[in-house]
Amino acid sequence: MRGLFGRYRDVFIVGALLVFPFVTFLSSGHKGRDPNVVDRVVLAVAAPIQGALTWLVDGVGDGVDGYLTLRGAREEARACTVELSQTRAELNTLREASLENERLRKLLGYVERSVDTEIAARVVGVNPSPQFLSVRLSRGESDGVHVGMPVVTPDGVLGQVVRTVSGSADVMLLSDPVSRVGAVLQRTRVRATVVGTGDGKRLALENTGRDADVQANDVVVTSGTDGIFPKGLVLGTVEAVQRAPSGLFLSAQLAPAVVPGTVEEVLVVPAVAAVPPAALLPQRSTP
Amino acid sequence: MKVLALVGIGLLLLCVESVAVKSLGFSVTRVDVTLLLVVFLSLSAGLVEGAFAAFALGYLLDVFTGRPTGLFPFLAVLTYLVVRLGSVVVDARGRGLFALVTGAAVVAHGLFATFFTWLTSRAAQSPVASVSGLPLQAVLTMAAALALWPLLQRLDPGKERPEPGALR
């Protein structure tokens with residue numbers, strides 16, 4: 001037996017390298033695994049490199065942008081000065097109103113929940129494999145980011161944290177084929193499921209009755225029924241609706257509220273925290 | 001030691017690619033940098049050290065996906081062995097043939113990855129979305145293979161593979 005192993009040692013080793021990951025894949029499927037020591041070491045090495053490269057690319061980009069936009073900056077600065085004066089006056093009025101509001105709240109014994117618990121993070125990289133759509137953030141476990149937390153921008157939902165290590169976190173995008181989010185149409189309150197199509201550009205609407213009132217330009221928001229995403233976050237806008245002659249459900253394509261390729265900074269929302277107000281408001285105009 | 005350097009280059013290239021895709025936008029097709037190195041290992045490394053390096057490169061890609069499942073280490077070692085087997089017929093240890101073999105490997109790897117992902121995730125959507133960018137991905141990876149060839153030649157892990165073949 002020992003002689004046999006010795007004779008075919010190389011074949012056994014290569015076979016093990018082939019079979020072991022395949023068995024792991026078949027057993028874990030698309031769920032993935034929790035980060036082990038090796039994963040953490042790789043990510044600990046990669047995250048600073050990605051951060052440095054992002055800083056370098058953004059720095060060069062900002063420099064070029066700054067130079068190109070320098071022309072006309074003087075006129076813009078004058079206009080801004082005027083606008084600033086007006087805004088200061090408005091701000092003063094709002095401060096007065098805010099102080100009055102605070103006094104009244106105290107008077108009524110109202111306790112306001114903090115909305116400053118979300119964690120700001122920077123997108124430092126994109127997953128190089130087209131089969132899984134995810135991005136990497138500059139914040140991780142040590143900053144309070146945990147698996148399952150929703151990730152939003154002022155435009156709406158970007159995705160959900162699927163893995164986190166000490167200094168970075170990976171976010172599965174809404175457009176990933178595995179992504180499923182409980183949703184509701186803002187106009188008609190019709191329930192649906194928003195799923196990723198895998199192409200990184202579109203989302204799809206599922207589990208909506210064929211006769212439901214769904215039209216192009218309808219805004220779709222989170223329903224809060226999936227236990228992950230808080231209620232009322234913008235997911236996207238309906239682009240097209242197809243109603244097949246038979247079948248229970250209609251199908252619809254959505255333009256995502258957040259275009260992942262343009263996102264630089266995001267907010268990670270702790271599961272029970274309040275949602276940043278900006279994410280609740282649809283940025284697109286609806287007829 | 002040179003094999004370790006190749007794995008290190010793989011990690012660096014993955015970092016560069018992830019930042020480049022972020023900066024250029026998601027519509028940019030990926031360049032399969034790890035597969036490029038796996039093909040190079042198939043053509044130049046010894047059986048066991050090459051298999052370990054291919055596994056390591058696949059593992060890196062797996063970690064970068066955000067949801068490591070073991071799929072990419074498996075596919076990397078499989079690609080490594082298939083290219084070694086293929087090199088019995090065609091000795092691709094030249095720049096042009098290396099690029100061609102890399103392109104073919106990218107297409108096969110992409111199809112397998114999409115199939116297995118679809119098989120396990122049971123996603124309702126068609127896997128066509130993932131495959132649609134494959135031709136451009138193959139072309140870009142071939143271009144990267146041509147560009148990186150001089151560097152890879154410097155890191156040729158020993159040239160101790162006198163005869164092509166899968167398990168030699």
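Computed values, structure above
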item	result
Cβ-Cβ FRET estimate between A:ARG33 and A:ALA73, R0 fixed at 60 Å, reported to 0.05	0.70
Inter-probe distance in nm under a simple model that places probes 7 Å from Cα toward Cβ, at A:ALA52 and A:ARG9	3.9
Size of electric dipole in the protein assembly as shown: Cβ of Lys, Arg +1 and of Asp, Glu -1, about Cα centre, debye, nearest 20	1000
Lys, Arg +1 and Asp, Glu -1 on Cβ, resulting dipole of region A:108-213 about Cα centre, debye, nearest 20	220
Part-to-part distance (alpha-carbon centres) for region A:8-86 and region B:57-114, which is given in Å	23
Vicinal HN-Hα couplings computed from phi for region B:137-144 (Karplus, 6.51 cos²θ - 1.76 cosθ + 1.60; Hz; Gly/Pro x)	4, 5, 5, 5, 5, 5, 4, 5
Shape of region A:96-250, Cα gyration tensor, a/c cut at 1.5	oblate
Lys/Arg +1, Asp/Glu -1 at C-beta; region B:1-91 dipole; positive extreme among B:ALA76, B:SER23, B:LEU41	B:SER23
Which of B:HIS109, A:HIS146 has the fewest Cβ neighbours within 10 Å, and the rest in rising order	A:HIS146, B:HIS109
Cβ-derived FRET efficiency at R0 45 Å, A:LYS201 paired with A:ALA97, nearest 0.05	0.55
At least 27 Å along the helix axis (C-alpha) and Kyte average at least 1.6, DSSP helices within chain A	A:9-28
Förster radius 22 Å - calculated FRET efficiency between A:THR262 and A:ARG187, Cβ distance, rounded to 0.05	0.25
Gyration tensor (alpha-carbon) shape descriptor, chain A, a/c threshold 1.5	prolate
Cβ-based charge dipole, chain A, positive-most Cα from A:SER28, A:ALA89, A:LEU250	A:SER28
Chain A - percent relative contact order, Cα under 8 Å, separation 6 or more	16
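Values quoted throughout were computed directly from the atomic coordinates according to the rules given, and no laboratory measurement underlies them. What you are looking at is a predicted structure, and each value in this text was computed from that prediction instead of being measured. Cβ sites come from the backbone with ideal geometry, for glycine too, and all protein chains shown count toward neighbours.
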